Amino acid sequence: MEKKLQGQVAVVTGASSGIGAGVSRSLAAAGAIVIVNHPVAATRDAAEAVLAEITAAGGQGITCQCDVSKENEVVQMFADTVRQFGTVDILINNAGLQRDAPFTDMTLEQWNTVLGVNLTGQFLCAREAIREFLRRGIVPERSKAAGKIICMSSVHEVIPWGGHANYAASKGGIMLMMKSIAQEYAGKKIRINSICPGAIQTPINKQAWDTPEALESLLTLIPYQRIGQPEDIGNAAVWLASDESDYVTGISLFVDGGMTLYPGFSTNG
Ligand code: NAD
């Protein structure tokens, strides 16, 4: 396989499971050195297992514990990465969670937890990454860009989601944060984009695919008639992080099997 990201240093947040793990494997296969981030001591073994898969396949990386909603931990993760590997080239702002509730039952804690990880966490990591990209500038033999950020958003940055107002608000927030900072730093040759996954088979949405009935119901929302896999997102992330997408910044790339095509209208509404 062509090593489109050879030697580039990539921080992947929330990388001990699901999409983050899949993106980590794809970036490592493309030659990146991957920082496999996980939030707490309890997720260390899962992160080590992802790293073991990467190294078994001939890739490189380390694990790094950091809760992305905590400013001091994020600053430390980037400082440690720069100390160990010299710089950061790619940030995959992936960590996310759900705390679902009917709106009138939603607690402030549920609201703050989701916004704190999904949106504030992406702000904190993007800010540290951009500071490092500006410090280093462009190194032509690494990449045409001074740095690349990929924000993991969701189809729910455009599809409203009753019972999940905190989650949808966090993803809507990611969309305009991403576009605003893409606009602000394009002149510095920093590219910032989002991937908006549809339904990807991971622990976060297990109830939507773990019985035949649930899967059948889910597939009514997906014109392409299959659930997505972390590798589908990994392939898109490699492209967005590579110079093949050098003229692409500020976009939301929907990787959703057509979920945002209003499938309910396919038979005339
Ligand atoms: P997942 O639950 O497998 O992964 C989420 C990861 O985030 C976990 O590894 C978790 O440990 C980590 N995490 C949670 N809080 C953290 C914190 N404070 N600091 C660092 N890491 C933290 O689910 P996933 O489906 O892989 O989700 C990854 C991202 O993709 C999320 O942002 C999610 O919103 C988004 N997404 C998923 C889908 C889907 O269908 N699976 C669809 C659209 C968007």
query: In terms of modelled amide H atoms, which long-range or inter-chain residues lie less than 5 Å from the amide H of GLN8?
result: ILE33
- prompt: In the stretch 224-260, which chymotrypsin sites (Phe, Trp or Tyr not before Pro) fall in coil by DSSP and have 11 or fewer other Cβ atoms within 10 Å?
  reply: TYR247
statement: So for the stretch 193-269, using the alpha carbon gyration tensor with a ≥ b ≥ c as root eigenvalues (a/c under 1.5 gives rounded; past that, a/b versus b/c decides prolate or oblate), I'd call it oblate
query: Cα centroid distance between the stretch 203-269 and the stretch 84-121, in Å?
result: 20 Å
query: For the chain, what number results from the quotient of the Cα radius of gyration and 2.2 N^0.38 Å?
result: 0.97
query: Could you give the alpha-carbon Rg of the stretch 63-105 over 2.2 N^0.38 Å, rounded to two decimals?
result: 1.62
query: Could you give P(r) for the stretch 1-145, binned at 5 Å from zero, as whole percent values over all Cα-Cα pairs?
result: 2, 10, 19, 21, 19, 13, 8, 4, 2, 1, 0
message: As an exercise, take the mean of 1/r over every pair of distinct alpha carbons in the stretch 113-269, invert it, and state the Kirkwood radius in angstroms.
response: 16.8 Å
query: So who's got an amide H within less than 5 Å of the one on SER194, skipping anything under 5 residues away but keeping other chains? H placed 1.01 Å off N, in plane.
result: CYS151, ILE251, SER252, LEU253
message: Would the stretch 22-86 count as rounded, prolate or oblate if I go by the C-alpha gyration tensor, calling it rounded below 1.5 in a/c and otherwise prolate when a/b exceeds b/c, oblate otherwise?
response: oblate
- line: When the charge dipole of the chain is computed with +1 at the Cβ of Lys and Arg and -1 at the Cβ of Asp and Glu, the Cα pointing farthest to the positive end, of GLY250, LEU97, ILE54, is that of GLY250
field: For ILE62, distant residues with modelled amide H under 5 Å away
entry: VAL34, ILE35, VAL36
message: What's the longest uninterrupted piece of the chain once you rule out the GluC sites (Glu not before Pro) that are loop residues per DSSP with at most 16 other Cβ within 10 Å?
response: 3-140
field: √(5λ) per eigenvalue of the Cα gyration tensor, the stretch 159-206, largest first, Å
entry: 27, 14, 7
HN-Hα J in Hz across the stretch 62-75 - Karplus 6.51, -1.76, 1.60, θ = phi - 60°, x for Gly and Pro: 9, 9, 8, 7, 6, 7, 5, 7, 10, 4, 5, 6, 5, 4
query: If you put +1 on each Lys and Arg Cβ and -1 on each Asp and Glu Cβ, how big is the dipole of the chain around its Cα centre, in Debye rounded to 20?
result: 860 debye
task: Sum -39500 (n - 2.57) across every DSSP H segment of at least 4 residues in the chain, then divide by the residue count to get the 222 nm mean residue ellipticity, nearest 500.
output: -12500 deg cm²/dmol
query: Roughly how many Å² is the accessible area per residue of the stretch 149-269, as a whole number, for a 1.4 Å probe?
result: 50 Å²
task: Could you pull out the pairs from LYS4/LYS179; LYS144/LYS179; LYS148/LYS206; LYS70/LYS206; LYS3/LYS70; LYS3/LYS189 whose alpha carbons sit more than 29 Å apart here?
output: LYS148/LYS206; LYS3/LYS70
message: Just to confirm the filter: which chymotrypsin sites (Phe, Trp or Tyr not before Pro) across the stretch 151-200 are DSSP coil and have at most 16 other Cβ within 10 angstrom of their Cβ?
response: TRP161
statement: Heavy-atom accessible area per residue of the stretch 1-110, all protein chains kept, 1.4 Å probe, expressed in Å², is 44 Å²
query: For the stretch 90-159, what D do you get in µm² per second when you plug the Kirkwood radius from alpha-carbon pairs into Stokes-Einstein at 4 °C and 1.567 mPa s?
result: 92 µm²/s
- request: Have a look at ALA129, CYS196, ASN118 and report the one farthest towards the positive end of the charge dipole of the stretch 117-200, computed about the Cα centre with Cβ charges (Lys/Arg +1, Asp/Glu -1).
  value: ALA129
statement: With the dipole of the chain defined by +1 on each Lys or Arg Cβ and -1 on each Asp or Glu Cβ, the option from PRO212, ALA21, GLY163 whose Cα lies farthest towards the positive pole is ALA21
- prompt: Karplus couplings for the stretch 88-96 from phi (6.51 cos²θ - 1.76 cosθ + 1.60, θ = phi - 60°), rounded to Hz, Gly and Pro as x?
  reply: 10, 9, 9, 10, 9, 7, 10, 3, x
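The values are calculated or read from the model by the stated rules, or taken from the named source; none is laboratory data. Computed from a predicted model, the values in this text were never measured in an experiment. Quick reminder, even Gly has a Cβ in these numbers, built from the backbone with ideal geometry, and neighbours come from all protein chains shown. What goes into the accessible areas is simple: the full protein's heavy atoms, side chains included, and nothing from ligands, DNA or RNA. Shrake-Rupley method; radii C 1.70, N 1.55, O 1.52, S 1.80 Å.
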